[in-house]
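No value in this document is a laboratory result; all are computed from the given coordinates. All values reported here derive from a predicted model rather than from experimental measurement.
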Amino acid sequence: MTVTGAQLQEYLAGLDYPVSRADLIRWGQENGASTPLLQLLQALPAESFDSPVDLADALASRT
C-alpha cells in the first residue's frame, strides 16, 4: 500500500513544529495511522523538522 499526501495531511494535521521523528511516530500512532505510514515515518532520519516543508522534503526522499 502506498502512502498518499492526503493520508499524511490527515494524520499529521495539527502538529506543532519543530517536531522530532519520535514525536511524528507517536502522533501517528495516537491518530490511527496505517502501518505503511508508520513505517515511512520510522524510516525518516532521527532529526528535528522545523516546518512542514522540511518534513515534506524528508518524506519525498523516502518515497
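When the Kirkwood hydrodynamic radius is evaluated over all pairs of different C-alpha atoms of segment 20-63, what value in angstrom, to one decimal, is obtained? The partial results should precede the final answer.
Working: mean 1/r = 0.0957 Å⁻¹.
Value: 10.4 Å, from the Cα pair sum.
The length gained on full extension between Ala60 and Glu30, counted as 0.36 nm times the residue separation minus their Cα-Cα distance, comes to 8.5 nm.
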